[in-house]
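Novice: After the structure tokens below, expect a handful of questions from me.
The values are calculated or read from the model by the stated rules, or taken from the named source; none is laboratory data. Computed from a predicted model, the values in this text were never measured in an experiment. A quick note on method: Cβ atoms are made from the backbone with ideal geometry, for glycine too, and the neighbour counts reach across all protein chains shown.
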Amino acid sequence: MKNDGIDFDYDIPTELQGMLENHQWEKVNIGCSKSDVFRLENKEGKALYLKISIPETEFDFNREQKLLRWLYNRLPVPEVLFYSKHNGREFLLLSEIKGRVSYNAVLDEEIKNNILILANGLKKIHSIDISNCPIETNPDLLLNIAKHRLELGLIDTNNFDPRWKDKTPEELFKFVEEKKPSSFDFVFTHGDYCLPNILVHKKKLSGFIDWSYGGINDRNYDIAAVIWSIGYNFGEEWVSIFIEEYGENKIDWSKIKYFQMLNSFME
């Protein structure tokens, strides 16, 4: 399949090829995903997003598309238009959500507004009824994934937080195993609640994207991710605004540190 201006050698499923005719392709480089993501726009200006990946763990596009279908009438999330596994790769085609990534703010007023959006958006996610949620992302599952990636030698210590830069991956993982909390506050979670995955349009929340790690989990898993992301993108001085709006009484700081350490072993 030919796409002008893009180095493209994928074997696209036939059905998907028909859906993508007469679209202009643009590679998307926002975020830390190992997947290839493309924005496709037709002549009328309507856009779609195509995600292509070679699955490495059970946190794959099949999992994400199942969760997105369940969420579609519950939260502002993309609509799943196509999903398939084909010749060792996964293809996930999604509708576009209008908006800019939430770290795209410069003025203090914009930053504060986006942080309030992040806090209230997470409260909305965490309030979803989990009684019939089809997918669970519990800490034990994440710990097993972390162990598997450690055994395969996939851990990059250059990505370690300065707080545990002095530890080897083996030492940090042993510490994570030993410090596993004895109880959890299970809610519905996003799983990767970082600023690139929350979209803002006209100063309001417009949607949530990238749900591969979503499902039932401890609420502090999401909080740990967004607190780190706010500090990384805007500065540590902005974290307190999020905490106040979300509710500090719901935050367990020992779990925040635990999940941030555990995330050192994720993709």
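Novice: From (1) modelled with pLDDT under 95; (2) farther than 23 Å from ASN132 by Cβ; (3) among the hydrophobic types (A, V, I, L, M, F, W, C), pick out the condition that doesn't hold for PHE59.
Specialist: It fails just one condition, (2).
Novice: Please work out if LYS179 is without any contact (Cβ under 8 Å) to a residue 12 or more places away in the chain, surrounded by 13 or more Cβ atoms within 10 Å (Cβ to Cβ) and in the same structural domain as PHE208 (by TED's automatic domain parsing).
Specialist: No: the conditions fail for LYS179.
Novice: Given the condition more than 22 Å from the chain's Cα centre (by Cα) and surrounded by 16 or more Cβ atoms within 10 Å (Cβ to Cβ), answer yes or no: does some residue in segment 158-166 qualify? Walk me through it before giving the result.
Specialist: Going residue by residue through segment 158-166, those that are more than 22 Å from the chain's Cα centre (by Cα) are 162-166.
Filter once more, keeping what is surrounded by 16 or more Cβ atoms within 10 Å (Cβ to Cβ): 164.
Checked segment 158-166: at least one residue is more than 22 Å from the chain's Cα centre (by Cα) and surrounded by 16 or more Cβ atoms within 10 Å (Cβ to Cβ).
Novice: Hey, can you tell me all the residues within segment 21-39 that are in a strand (DSSP E or B) and not acidic (Asp, Glu)? Working first, answer last.
Specialist: First, the residues of segment 21-39 that are in a strand (DSSP E or B): 24-28, 36-39.
Answer for segment 21-39, where residues must be in a strand (DSSP E or B) and not acidic (Asp, Glu): GLN24, TRP25, LYS27, VAL28, VAL37, PHE38, ARG39.
Novice: While we're here: Could you please find all residues in segment 243-260 being surrounded by 21 or more Cβ atoms within 10 Å (Cβ to Cβ) and under 30 Å from ILE155 (Cα atoms)?
Specialist: Residues satisfying the conditions are LYS255, TYR258, PHE259.
Novice: On to the next question. Considering only residues that are polar (S, T, N, Q), within 19 Å of ILE145 (Cβ to Cβ) and buried (at least 21 other Cβ atoms within 10 Å of the Cβ), which ones fall in segment 57-71?
Specialist: Just the residues of segment 57-71 that are polar (S, T, N, Q), to begin with: 57, 62, 65.
Filter once more, so that each one left must be within 19 Å of ILE145 (Cβ to Cβ): 57, 62.
Selection gives nothing.
Novice: While we're here: Mind listing whichever residues of segment 148-162 are charged (D, E, K, R), assigned to a helix (DSSP H, G or I) and in contact (Cβ under 8 Å) with a residue 60 or more places away in the chain?
Specialist: ARG149
Novice: To continue, here is another question. From the list LEU152, LEU205, pick out the single residue that is surrounded by 13 or more Cβ atoms within 10 Å (Cβ to Cβ) and not polar (S, T, N, Q).
Specialist: Among LEU152, LEU205, only LEU205 is surrounded by 13 or more Cβ atoms within 10 Å (Cβ to Cβ) and not polar (S, T, N, Q).
Novice: So is ILE97 touching a residue at least 60 places away in the same chain (Cβ under 8 Å) and either over 23 Å from PRO134 (Cα atoms) or small (Gly, Ala, Ser) (or both) or not?
Specialist: yes
Novice: Additional query: Taking segment 200-224, which residues are more than 17 Å from ASN29 (Cα to Cα) and either without any contact (Cβ under 8 Å) to a residue 60 or more places away in the chain or assigned to a loop (DSSP other than H, G, I, E, B) (or both)?
Specialist: LYS202, LYS203, TRP211, SER212, TYR213, GLY214, ASN220, ALA224
Novice: Ok, one more. Within segment 186-199, can one find any residue that is surrounded by fewer than 18 Cβ atoms within 10 Å (Cβ to Cβ) and either assigned to a loop (DSSP other than H, G, I, E, B) or out of contact with any helix residue (DSSP H, G or I) (no Cβ under 9 Å at 6 or more places or on another chain) (or both)?
Specialist: no
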